[in-house]
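Colleague: Provided herewith is a single structure, encoded as structure tokens, for subsequent inquiry.
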Amino acid sequence: AKRGGVRVGWYDAARDLASTDRLSLLAEVREALAVDDQLTLVLQPAVRLGEGGGVTGVEALVRWNHPRRGTLMPDDFVTVIEHSELLGDFTRYVLDRALAVAAGWATEGLDVPIAVNLSPRSLLDATLPADIAALLDLHGVRPDRLVLEITETVVMSELSVIDDVLSALRELGVQFAVDDFGTGYSSLTFLTRVAVDEVKIDRAFVRGMVESAGAAAIVRTTVDLAHRLGLRVIAEGVETAEQRAVLTALGCTGAQGYFFHPPMPPERIVEVLHGLTDA
Ligand code: C2E
Ligand code: CA
Ligand code: CA
Ligand code: CA
């Protein structure tokens, strides 16, 4: 499979990175942030389950078309960036690209929210809300068309700067999604702390629910909780018709995964959106 081929490159690169200088990778990241075609976004639609089945939103996922290492996946390099002084530049780069894509949709009459993954650490940056406000302004994108996907982290419980950043972003009018819900990274208390709009059920539960009554119960309970709180819910990593059927039976109303659409380049997604959008 194509993805399989990419993964091979990924593992080679990971081994490479472990043994070579982290600083040289960061130098390459700095270079990539300065040029045009190395760090790119692929886009994956989320769909409504049930009749209609239209696209309700699109998630941006970063890829690094490295001049020597091949295509690198985010798990390869985002952690290194997160622990460096390049995080702010990287976050703004991704937001800028994503909002440029969303602005392009608007000119085609497509009104679909775009979701961007934020490193939890970027919430420690007090300038983030102003940066996002400026980027929304620059691209002419309405704040509620931007969904920030975040996971919880231990530092969150300790630092009040995060509450300030979150409430400033709230005031701006952007939306929040809790990513990887149900894992150690996103807990129940997080839902109330952040006042989220959307819950994304981690794909581990989706993978497990067909065979495990426990995983199915967690999915059902999360769906129920989300709906009681008035939140949208999306099951991640849906790969089969059987998983779709189980999700529908459990009351889940939104889904994302290879079964519906793979992540795809910006040119391709416009065709999908023209065909399927109901947002
Ligand atoms: P995530 O936010 O949970 O993103 C979903 C991941 O699942 C993506 O992997 C996506 O390609 C993959 N996926 C989608 N559908 C399926 C499916 O049906 N089956 C399976 N097995 N996988 C599926 P990807 O693109 O490798 O991203 C991995 C993680 O890297 C993301 O997990 C997110 O946490 C992080 N990430 C991606 N882009 C960015 C970014 O721009 N900034 C930051 N800070 N993190 C990012
Ligand atoms: Ca995500
Ligand atoms: Ca996720
Ligand atoms: Ca994740």
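The values are calculated or read from the model by the stated rules, or taken from the named source; none is laboratory data. In this text, all values refer to a predicted model and were calculated from it rather than measured experimentally. All Cβ positions, glycine included, derive from the backbone under ideal geometry; neighbour counts span all protein chains shown. Side chains are part of the model used for accessible areas, which takes the heavy atoms of the whole protein and leaves out ligands, DNA and RNA. Shrake-Rupley method; radii C 1.70, N 1.55, O 1.52, S 1.80 Å.
Colleague: Within the chain, what whole-number % of the accessible surface is contributed by carbon and sulfur, with the 1.4 Å probe and all protein chains included in the calculation?
Modeller: Whole-percent figure for carbon plus sulfur exposure: 54.
Colleague: Can you run phi through the Karplus equation (6.51, -1.76, 1.60; θ = phi - 60°) for region 160-172 and list ³J(HN,Hα) in whole Hz, with x for Gly and Pro?
Modeller: Rounded to whole hertz, the list is 6, 4, 5, 4, 5, 5, 5, 6, 5, 5, 4, 4, 5.
Colleague: Calculate, in nm to one decimal, what Val210 and Ala130 gain on full extension: separation in residues at 0.36 nm each, minus their alpha carbon distance.
Modeller: Answer, rounded to one decimal: 24.4 nm.
Colleague: Let me ask something else about it. For a Förster distance of 22 Å, can you work out the FRET efficiency between the beta-carbons of Arg170 and Arg121, rounded to the nearest 0.05?
Modeller: 0.70
Colleague: Using only alpha carbon pairs under 8 Å that are at least six residues apart, calculate the relative contact order of region 200-279 and give it in whole percent.
Modeller: About 28 percent, as a whole number.
Colleague: Just the number, please: Stokes-Einstein D of region 47-147 in µm²/s, Kirkwood Rh from C-alpha pairs, 20 °C, 1.002 mPa s.
Modeller: Rounded to a whole number, D works out at 143 µm²/s.
Colleague: Could you work out the helix-only [θ] at 222 nm for the chain, with each DSSP H run of four or more residues adding -39,500 (n - 2.57) and the total divided by the number of residues, to the nearest 500 deg cm²/dmol?
Modeller: Calculated at 222 nm, the ellipticity per residue is -15000 deg cm²/dmol.
Colleague: Once both labels are modelled 7 Å past Cα along the beta-carbon direction, what's the His274-Ser187 spacing in nm?
Modeller: 4.8
Colleague: On to the next question. Using 1/(1 + (r/R0)^6) with R0 = 25 angstrom and r between the beta carbons of Asp37 and Asp111, what's the FRET efficiency to the nearest 0.05?
Modeller: Once rounded, the FRET efficiency stands at 0.30.
Colleague: Give the average over all directions of the projected area of the C-alpha convex hull of the chain, one decimal, in nm².
Modeller: 14.8
Colleague: Averaging sequence separations of C-alpha pairs under 8 Å and six or more residues apart, then dividing by the length of the chain, give the relative contact order as a whole percent.
Modeller: Result for the chain is 19 percent.
Colleague: Shape of region 173-236 from its Cα gyration tensor (a ≥ b ≥ c, root eigenvalues): rounded if a/c is under 1.5, otherwise prolate when a/b > b/c, or oblate?
Modeller: prolate
Colleague: Right, next: Determine the relative contact order of region 139-236: mean sequence separation of Cα pairs under 8 Å and six or more apart, normalised by residue count, in whole percent.
Modeller: 25
Colleague: Could you tell me what fraction of 2.2 N^0.38 Å the Cα radius of gyration of region 215-268 comes to, as a two-decimal ratio?
Modeller: 1.24
Colleague: Give the accessible surface of the chain per residue, rounded to a whole number of Å², with probe radius 1.4 Å and ligands, DNA and RNA excluded.
Modeller: 47
Colleague: What are the residues whose amide H is under 5 Å from the amide H of His66, where those residues sit 5 or more places off or on another chain and H is modelled from the backbone?
Modeller: Amide H to amide H, under 5 Å and 5 or more residues apart or across chains, His66 pairs with Thr71, Leu72.
Colleague: A further question on this structure: Cα atoms only: what Rg and Dmax, in Å, come out for region 102-224?
Modeller: Using the Cα atoms of region 102-224, the pair Rg, Dmax is 16.1, 48 Å.
Colleague: Also: Are there GluC sites (Glu not before Pro) in region 47-147 that DSSP marks as loop and that have at most 10 other Cβ atoms within 10 Å, and which are they?
Modeller: Filter output for region 47-147: Glu51, Glu85, Glu108.
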